[in-house]
Amino acid sequence: MKCLGALVVLLVGTAGFAASMVPGPGSGVPNASRARVNWMLKCQGCHRPDASGSPETTPTMAGQVARFLAAPEGRDYLARVPGVATAALPDDQLAELLNWTLLTFDAGHVPTDFKPYSPQEIGALRLRPLRTDAPAMRARIMAVLSKNKPQSEVQEGEFNGKNRQGGTPPG
C-alpha cells in the first residue's frame, strides 16, 4: 500500500511539473510532452534536468539561454551549436525542442516579439553547424550581451564566456 501511495505522489507531482511547463498557443511547441521527452533524451545528460549545466564542461541554460536572442548572431548560434545542429531529430521536432527549451528554462528573457523557430529555419541553419568556430561566435555574442546589460545585473561569470560555476563552456 505504501508503494502505491508513493507511486500516486510521484505521478501527481510529475503531472503537475509537466503541466506547469506547457507553452501556450503560437509558441512553436505543438507537443510539449514530446519536447520534454526529447530534452530528456538529447539534452539533459549534459545540461542536467533543470538546465543548470555542469562545472567546466556544459553551460548553464536556466535563466540564460533566451538572452542569446538579444544579440544579432544569437538566434543562429542557438540552432547551429553542434549539440543542436547535429541532434538526431527531424527539423520539426528540433524546432519544437529549441522553442520549448527557451520557454521552459528562460521564459523571462524571451523577447516579447519572439518568433518561434520553424522547421524550415532549423533545416537551413543546421546545414551550417558550428564546429571549430563555435567558441569564437559565443565570445562575440557574450561581448554584445555584456555591453547591453547594466553592470548591476551582471552576475559573476554570467557573460564573460564562463558558466555560473566558473568553467569555460564549449561552444
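Descriptive notes on the structure:
- Ordering of 27-37, 82-92 by packing [mean C-beta count within 10 Å, highest first]: 27-37, 82-92
- Stretching Ala88 away from Asp50 to a fully extended chain increases their span by 11.5 nm, per 0.36 nm per residue minus the current alpha-carbon distance.
- FRET efficiency for Met40 and Glu73, using Cβ-Cβ distance with R0 set to 41 Å, rounded to 0.05: 0.90
- With the simple spin-label model, which puts each label point 7 Å out from Cα in the Cβ direction, the Asp133 to Thr57 separation comes to 2.8 nm.
- Glu73 accessible area, 1.4 Å probe, all protein chains in place, Å² to nearest 10: 60
The values are calculated or read from the model by the stated rules, or taken from the named source; none is laboratory data. Keep in mind that this is a model prediction, so the values were computed, not measured. Every residue, glycine as well, gets a Cβ built from its backbone with ideal geometry; the counts of neighbours run over all protein chains shown. Protein only, heavy atoms only, side chains kept; ligands, DNA and RNA dropped before computing areas. Shrake-Rupley method; radii C 1.70, N 1.55, O 1.52, S 1.80 Å.
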